[in-house]
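Remarks on the structure that follows.
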Amino acid sequence: MKDYNLTHLRELESEAIYILREVAAQFERPALLFSGGKDSIVLVHLSRKAFYPASIPFPLVHIDTGHNFKEAITFRDEMVKQFNARLIVGSVQESIDTGRVVEEKGINASRNVLQTVTLLDTIEKNKFDAAIGGGRRDEEKARAKERFFSHRDEFGQWDPKNQRPELWNIFNGKKRMGEHFRVFPISNWTEMDVWQYILQENIELPSLYFTHEREVFFRDGVWLAAAPFMEMKPGEKAEKLRVRCRTVGDISCTGLVLSTADNLGDIIQEIAATRVTERGGRYDDKRSDAAMEDRKKEGYF
Amino acid sequence: MTATEEADFSSKAYLNMQLLRFTTAGSVDDGKSTLIGRLLYDSKSLFEDQLDAVKRASVQKGSEHLNLALFTDGLRAEREQGITIDVAYRYFATPNRKFIIADTPGHIQYTRNMVTGASTANAAIVLIDARNGVIEQTYRHAFLAYLLGIPHIVVCINKMDLLDYRQDVFEKIKADFNAFVAKVLPGEDLRFIPISALKGDNVVKPSQKMEWYKGRTLLETLETIPIDQDHDMVRQRFPVQYVIRPESEKFHDYRGYAGRIAGGIFHPGDEVTVLPAGIKTKIQRIDTFNGPLDEAFPPMSVTLLLNDDIDISRGDMIAGTGALPEAASDFECMICWMNPKPMQLNGKYALKHNTRDVRCLIDTICYVLNINTLEQIPGRTSLAMNEIARIHLRTTKPLFFDPYTTNRQTGSLIFIDEATNETVAAGMIL
């Protein structure tokens, strides 16, 4: 008898495409939050599939901390050109210059938290009513409780204790003026699913994800990239090592892993063998046990 | 994911696994958190930094042992109060399958969360504390799984270690449960497993202490439950989600109907009827980014092109002409009320069914169901949070549906409060 089962990757893909089409159907001004990281690259790929042969019916929005890996920016610009997409950049530097936020000081200073204000300002300025993100429930314990369609009040805040029930594949995107939604089409994917999907679909990634030589230094169990704006503590010293990114974000909080993996197959084996979660290398999550929940309530990605 | 020396995670076998979604209902007292922790831990799905964080938090809270509930309780309020408030989703994989767990609290005041978790599940784990046997809560959990159309129920009789792993304890509970099921849950696929989540017996590894049990462990059961019959593969159902009209020279005349197949197998050339127009046409092509397909089946997301130029928009349904769905603007359904603000008889609500939005008026509450005893209580005029009832409603426009027992996609709907926009109820069409 013929087998009418989808593989796990095809089922997750179909679910994500369904959600993306719901967004296009239910909202007037959606946007896709694009960080240059693998999850948002996968989202762009899924969006192309969802609306083929039409082009992606929403712009990509990049919240630029100014502290980017240059490889990620180059990749972003090439991709936008190749897919004929529309790019809107929200600048954290501009938020600092206009006094909307105050730059953190000290050794652990990061622009990660500041992004929230820039993100909410960008959403308000462009009147976006849905912001699609690459968040996954397996990433972090607060994200495990996140809905596909996540309601935000007029201040952009998330109320985790008062979320709308979400049943079957029926998504409620109804809202009042000034409110918006965050939508997470790959909620049900794990890190391994994302990598296997990238392999299966042959999706191009920034070179940062593959092994390369870089000046790095070690802090609290995490390798961080040396950069002019990264202040080092006494005793910390930069050294040249072969590393790769497991996630790509702002330089100040993206941990690198020592690795010689130069192809997707090796990366997948590395992830299968690893005993630390993906966000274990994220410096921004180490601030407290509820660091992610607190940032998310305020309107973080 | 279990990382063994030989496994090649880029190989075809690992890229083409099946996905099983299951729900767990139970309270901390039944050992639900311990069971989930055990599944994740023994399948090597817990990471060191997650374990470290839980260890740190356990010590801080003065726990003597590793408190695995801290791992599953994600929100600050949950950790503070030591309760699970919401549905949490967990992920793990074995070399045979990928799993999504909808972890829900089991207390009656969280019925709505159990219903939510159950809505997308292929299987349900019902936990029984061997010391207490079958209790009210067991019936409730099994009934909710049945009501939400979960075809497979795995009954785990836990804490066998506290009763010397006795077979008669297991057999007695199994008999009690079967007596209940035979009466009210016809057609359910039931499996019984004696386990100790704490000691690990029959969860991932077979028990050395219960040689009298010849069946599969819980993990083996989850790896082998058939999932291919969970969709209606006969009656063709395609709710139109979005119309694709590229504004480009190359695809000037392209008009595709995007959606996710909710039932049946579609082929190019198939006779279909477009509802509500009632116009018959044929499938010209099944389109995807990767090229046209010879056939498409649930739950694939595809784009259909039709032979004739018909005015079709979101909310319409393309169905096989040979077996059309029911079309009605008044019908009965079972609902679970999910909002603190009670449902009022003759109340008006917005309603979402597949991709169709209508308004409705609830004109009859046939009865409220006591989900512990399954007693039907007539004569009620309102419905409180977590209550389940059979109602009759009228809609502003007809819906195209199947009974929920035939098709979980075309038979389900949600109710929305028009003042707050909150999802207030889940409905299963009878």
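The values are calculated or read from the model by the stated rules, or taken from the named source; none is laboratory data. Not measured: the values here are computed from a predicted model. No Cβ is skipped: glycine too gets one built from the backbone with ideal geometry, and neighbour counts run over all protein chains shown.
So here's what we get for this one:
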{"read-out": "In segment B:234-254, residue farthest from B:F289 (Cα to Cα) [restricted to those that are hydroxyl-bearing (S, T, Y) and part of a loop (DSSP other than H, G, I, E, B)]", "value": "B:S248"}
{"read-out": "Test: residue in segment A:116-137 that is under 30 Å from A:Q269 (Cα atoms) and facing chain B (nearest Cβ under 8 Å)", "value": "yes"}
{"read-out": "Some residue of segment B:224-232 being modelled with pLDDT of 95 or more and not aromatic (F, W, Y)", "value": "no"}
{"read-out": "Test for B:N386: is it free of Cβ contacts under 8 Å to residues at least 12 places away in the same chain, surrounded by fewer than 23 Cβ atoms within 10 Å (Cβ to Cβ) and not in a strand (DSSP E or B)", "value": "no"}
{"read-out": "Subset of segment A:28-65 (residues that are within 12 Å of chain B (Cβ to nearest Cβ) and part of a loop (DSSP other than H, G, I, E, B))", "value": "A:Y52, A:P53, A:A54, A:S55, A:I56, A:P57"}
{"read-out": "Test: A:T247 is of a type outside the set (K, R), at pLDDT 90 or above and either within 28 Å of A:F27 (Cα to Cα) or surrounded by 18 or more Cβ atoms within 10 Å (Cβ to Cβ) (or both)", "value": "no"}
{"read-out": "Filter pass, A:I73 being aliphatic (A, V, I, L, M), under 16 Å from the mean Cα position of the chain (by Cα) and at pLDDT 80 or above", "value": "yes"}
{"read-out": "Any hit, segment A:208-230, residues being touching a helix residue (DSSP H, G or I) at 6+ places or on another chain (Cβ under 6 Å) and hydroxyl-bearing (S, T, Y)", "value": "no"}
{"read-out": "Wholly enclosed helices (runs of 4 or more DSSP H) of segment B:1-96 bearing at least 2 residues within 26 Å of A:P160 (Cβ to Cβ) and modelled with pLDDT of 80 or more", "value": "B:32-42"}
{"read-out": "Selection within segment A:1-19 - assigned to a helix (DSSP H, G or I) and facing chain B (nearest Cβ under 9 Å)", "value": "A:H8, A:L9, A:R10, A:E11, A:L12, A:E13, A:S14, A:E15, A:A16, A:I17, A:Y18"}
{"read-out": "Segment B:233-274: number of residues that are surrounded by 21 or more Cβ atoms within 10 Å (Cβ to Cβ) and not β-branched (V, I, T)", "value": "15"}
{"read-out": "Pair list, Cβ under 7 Å, 6 or more apart: segment A:261-287 residue crowded, with 20+ Cβ neighbours inside 10 Å and part of a helix (DSSP H, G or I), other residue modelled with pLDDT of 60 or more and among the basic types (K, R)", "value": "A:E278/A:R246; A:G281/A:R246"}
{"read-out": "Among the candidates A:D284, A:D266, A:D289, residue that is at pLDDT 85 or above, of a type in the set (D, E, K, R) and on the phi < 0 side of the Ramachandran plot", "value": "A:D266"}
{"read-out": "Meets criteria (within 14 Å of chain B (Cβ to nearest Cβ) and surrounded by fewer than 16 Cβ atoms within 10 Å (Cβ to Cβ)) for A:E191", "value": "no"}
{"read-out": "Residue among B:I244, B:I227 that is of a type in the set (A, V, I, L, M, F, W, C), within 11 Å of another protein chain (Cβ to nearest Cβ), touching a helix residue (DSSP H, G or I) at 6+ places or on another chain (Cβ under 8 Å) and within 22 Å of A:I170 (Cα to Cα)", "value": "B:I244"}
{"read-out": "Any hit, segment B:170-191, residues being modelled with pLDDT of 95 or more, within 21 Å of B:A93 (Cα to Cα) and buried (at least 17 other Cβ atoms within 10 Å of the Cβ)", "value": "no"}
{"read-out": "Selection within segment B:256-265 - in a strand (DSSP E or B), within 29 Å of the chain's Cα centre (by Cα) and either away from chain A (no Cβ under 12 Å) or among the small types (G, A, S) (or both)", "value": "B:A258, B:G259, B:G263"}
{"read-out": "Search result, residues across segment B:275-313 that are touching a residue at least 60 places away in the same chain (Cβ under 8 Å) and either part of a loop (DSSP other than H, G, I, E, B) or not assigned by TED's automatic domain parsing to the domain that holds B:A258 (or both)", "value": "B:P276, B:F297, B:P298, B:P299, B:I312, B:S313"}
{"read-out": "Some residue of segment B:282-300 being more than 8 Å from chain A (Cβ to nearest Cβ), among the small types (G, A, S) and farther than 30 Å from B:L190 by Cβ", "value": "yes"}
{"read-out": "Pair list, Cβ under 9 Å, 6 or more apart: segment A:50-66 residue within 20 Å of A:E28 (Cα to Cα) and without any contact (Cβ under 8 Å) to a residue 24 or more places away in the chain, other residue part of a loop (DSSP other than H, G, I, E, B) and among the aromatic types (F, W, Y)", "value": "A:Y52/B:F289; A:A54/B:F251; A:A54/B:Y254"}
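This table checks each residue for (1) more than 20 Å from the chain's Cα centre (by Cα); (2) outside the structural domain of A:I41 (by TED's automatic domain parsing); (3) not hydroxyl-bearing (S, T, Y).
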site: A:K175; (1), (2), (3): yes, no, yes
site: A:G178; (1), (2), (3): yes, no, yes
site: A:R219; (1), (2), (3): yes, yes, yes
site: A:V222; (1), (2), (3): no, yes, yes
site: A:A225; (1), (2), (3): no, yes, yes
site: A:P228; (1), (2), (3): yes, yes, yes
site: A:M232; (1), (2), (3): yes, yes, yes
site: A:C253; (1), (2), (3): no, yes, yes
site: A:L256; (1), (2), (3): no, yes, yes
